[in-house]
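Worksheet: the structure to be examined is printed underneath.
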């Protein structure tokens, strides 16, 4: 491989001059600039727009002949050159001016784009005209210029003039505003524009007032695009900050709030401001002492007296914003004895001649430069680039010398010592200009990228010539570096014509991979195959070419550019496009399937299963959103913070995703013979390890809560547990007693979901799953020491009362147990309270029962009971009162005195309410029997019959004792 010995054969300063993106950057009349212009000019297709709207192809010569034909009418002879920004309109206007014949009876006025302010434009029109009106206008221009020393002064003056015009003009119609509506809106706008703060808001940096003021004061910057809409005021330009008016009065702040909140008000205000803007601009920058229309007529009158025609060339009508309306009116006036004939050629951006210039537009013939790139032949496009390359090599001085001596533009390649090596490798144009550092294929590909549809010479100059040559100049001295990734980076940063799998393979194998990829992408006639010409160029540049299968395809040499093959969605994604939802879904699904297979077949000690599109790994859920695809649809709004696998828009990841898509169709070989699969497995292994670690951590943190819940629920099982195994059996499957309290059964039903969640946590955390089989291998080692204490829990530990994790809401379970305990104890306390009304605290219940039995028996024999069946009723209730019930009553009474907690639920495992009801009924009957004898009981005073149950009970006990004594006797 021979390192390059071909240095840059151009000068960067010269390239910057000759390849200016706008002909306005070359000063008209300067010999060097004129020589450069002539050297780079390239004919391109043109079309004439007919009245019917169709297009008829024409040549430059035909347009020139049309402009210069003898005038047979007094109507103005106006020719418009229209087209999008950057199509070369001003360049063509200049070409017409250069080639227009010199005639004594023609007075030329050429209005350039080059730094031409509004004042200079008018001075050009007045050049050579010595009339009182012209002199007055020159003086007015001088005074206006002396007042406007800065852009800030110009903006303030412009707004002040707008304020005056809006406040005092009485135009009856502005757009759709008329009558009272116009009067009202004009007053509101005048009030706003007259405010200092409002003026500051409109004069913000980058705003329309600044743009208009700069253009009118300083002229057009060469190479800068001026959008005609930027010279007008719209609703969006009037969006202001209400906070800026906090120091204003309440009434004005109200007006500002209404203005800010009401779009229709802003739209109407913008219409009024924009209506007066051209007039205000003209007054500020040209003075208001002279009528411009009158001056234009005066110029034509002077030329008529001289017997001359006015021949006007305007490189861009937008330059005349502020006086364009008056110029248009002046140019539409037919010639007469005191007004000279007019020839005018005016470049105007498509769409600029709207309703305001209808009459003006209809007076002229329209030629358009909006043409498809395909209408320009491949040879002409290469010559277009070659001319600029040659001009940059020859330089302004050489071009100027040749032009001065009348010689044709020299070809710098003819005396180059590297021509023998350079031209066979890099190629030449049909005019003999060498394409180095490009070749024909590179020019074709780059032009197609810079100008994909319509012919766009401005972007070709910017992106195909200027930028790549700057890169080449910096890199050609270092073998193997040019053309680097910086080459044509603005057009194709990812080199789309080289598929991602090839870019990845080249990057892995070559130490000059950026240059090789660029050569294959741009210099190959049929990218990415490296043909013989690419190999010769690589040898000169010191670039190693990797041996790829694509290089052995059928050789192809073409005079015409090869249409690029459709890019795959992954190639488009790597180049910055957005991946569609369908493709992204396939990729995410495959990756989750592969991940699930790894987790299920590996001894991770975790339960792994699929749930719809998710993977459940122990307590951790992996969703499709965990597969993050940069700039892809369907990924969710907020990606997870952990356990993710991310694929960025780069070559290496593009290869992996191409492999995934191939695998979804059953092709595991994929884009690089299967190597992608092993790299993908390596990426998945990292994700798998992260998931396992996360799952184990989550499992450990959740098992204690789950076992605590199960332990509380196992309290219903009365079996003794003396070993961890017995405790585990009780915890997992507790037995319920036959006489279980229905309220506790209801509680169990209410907390079933908590029990299910707890069992799921235990299963996921302490078992593992092989493949798609059932969970197995319970690992109790992590919780062995806790099993016995958990089996004896009556309520959750205090530290768990407020825990509400994602896996199990322990706090909710505790709240339900507490509520259930309260619900069960409420009726119990009620019945106990009623029993307390019959049984004294601390009373010997067994003794009382014996006494009542004796009393009822004796009273029955003595026929002292109230009813004949009282003895039978007593016996039926008495048989239900046992020593066990009395003990339970005492126990429940003690428990009822304390505040209920969740654990007190289990004190009611068997429902005591029927037993307490029996006791209540018994004591109630006893009280009734005793109460029925109150009339027979003597009163201590004999004066009161108030029922005193305690006294009556003492009396009845005494009576019972007497009856018992009599029985014994």
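Here are the numbers:
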| item | result |
| --- | --- |
| Once the Cα gyration tensor of segment 573-690 is diagonalised, semi-axes √(5λ) in Å | 23, 17, 12 |
| Mean Cα-pair separation over length for segment 573-690, i.e. relative contact order, pairs under 8 Å, 6 or more apart, % | 24 percent |
| Inter-site label distance for residue 909 and residue 641 at 7 Å from Cα along Cβ, in nm | 4.4 nm |
| Separation between Cα centres of segment 674-736 and segment 580-635, rounded to whole Å | 21 Å |
| Gained length - residue 921 relative to residue 267, 0.36 nm times residue gap less alpha-carbon distance | 226.6 nm |
| Percent antiparallel among DSSP beta bridges (both partners in the chain, rounded to 5) | 45 percent |
| Extended-chain gain in nm, criterion 0.36 nm per residue less alpha-carbon gap, residue 876 and residue 430 | 147.7 nm |
| Cα gyration tensor, segment 140-286 - rounded (a/c under 1.5), prolate or oblate | prolate |
| FRET efficiency, residue 669 to residue 589 (Cβ-Cβ, R0 25 Å, nearest 0.05) | 0.80 |
| Cβ crowding within 10 Å averaged over residues, with 167-175, 731-739 ranked highest first | 731-739, 167-175 |
| Segment 413-558: C-alpha gyration tensor shape, a/c 1.5 cut-off, then a/b vs b/c | rounded |
| Gyration tensor verdict on the chain (Cα atoms; rounded if a/c is under 1.5, prolate if a/b is larger than b/c, oblate otherwise) | oblate |
| Segment 573-690 - share of DSSP beta bridges that are antiparallel (%, nearest 5) | 65 percent |
| Contour minus Cα-Cα distance for residue 508 and residue 149 (0.36 nm per residue) | 123.1 nm |
| Label-point separation in nm, residue 204 to residue 74, each point 7 Å along Cα→Cβ | 5.3 nm |
| Between segment 836-877 and segment 371-450, the Cα center-to-center distance that results, in Å | 130 Å |
| Sites residue 196 and residue 293, calculated FRET efficiency, Cβ-Cβ separation with R0 41 Å, nearest 0.05 | 0.75 |
| Distance (nanometres) between label positions extended 7 Å along Cα→Cβ at residue 178 and residue 235 | 2.2 nm |
| At R0 = 45 Å, FRET efficiency that the Cβ-Cβ distance of residue 59 and residue 30 yields, to 0.05 | 0.95 |
| Value of relative contact order over the chain, rounded to a whole percent, pairs C-alpha under 8 Å and six or more apart | 11 percent |
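Coordinate-derived values only; no laboratory data. Quick caveat: nothing in here was measured; it's all calculated off a predicted structure. So basically every Cβ, Gly included, is an ideal-geometry build from the backbone, and we count neighbours across all protein chains shown.
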